[in-house]
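Data first, discussion second: the structure below is written as C-alpha cells.
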Amino acid sequence: MYFDSINDFFAMGGYAGYVWSAYAISFLSMLWIVFSSLATKRRLLREINNKMAREQRIKEAKTLENTL
C-alpha cells in the first residue's frame with residue numbers, strides 16, 4: 001500500500017488541502033445538481049397539474065355554456 005498509516009492517507013503526501021477540497025467541491029456540486037433537479041421536477045409537475053386543471057375548468061365552462 002502507498003500509505004503507511006491512516007494519518008499519511010489523510011495528509012495525502014502534503015497535498016491534503018488540494019485533494020480534500022477537490023473532493024468536497026465535487027461532492028457539493030453533485031449534491032447541488034441532485035437537489036436542483038428534484039426542485040425543477042416538482043415545479044414542472046405542479047405547473048403541469050395547474051395547466052390540466054385550468055383546461056378542465058375551461059372545458060366544463062364551455063359545456064355548461066352550450067347547455068344553456
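Quick look at the values:
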| read-out | value |
| --- | --- |
| Cα-projected label distance for Thr67 with Phe3, points at 7 Å along beta-carbon direction, nm | 7.3 |
| Accessible surface of the chain, 1.4 Å probe, proportion on carbon and sulfur as whole % | 65 |
| Long-range tail of P(r) for the chain (Cα pairs > 13 Å, %) | 77 |
| Angle in degrees between helix 16-67 and the longest Cα principal axis of the chain, rounded to the nearest 10 | 0 |
| Where the chain is the region considered: accessible area per residue in Å², 1.4 Å probe | 96 |
| Net length gained if the chain between Val19 and Val34 were fully extended (0.36 nm per residue, minus Cα distance) | 3.1 nm |
| Which of Asn7, Val34, Ala22, positive extreme of dipole for the chain (C-beta unit charges) | Val34 |
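The values are calculated or read from the model by the stated rules, or taken from the named source; none is laboratory data. What you see is a predicted model; the values in this text were computed from it and never measured. Heads up, the Cβs are rebuilt from the backbone with ideal geometry, glycines too, and the neighbour counts pull from every protein chain shown. Ligands, DNA and RNA are excluded from the accessible area calculation, which covers all protein heavy atoms including side chains. Shrake-Rupley method; radii C 1.70, N 1.55, O 1.52, S 1.80 Å.
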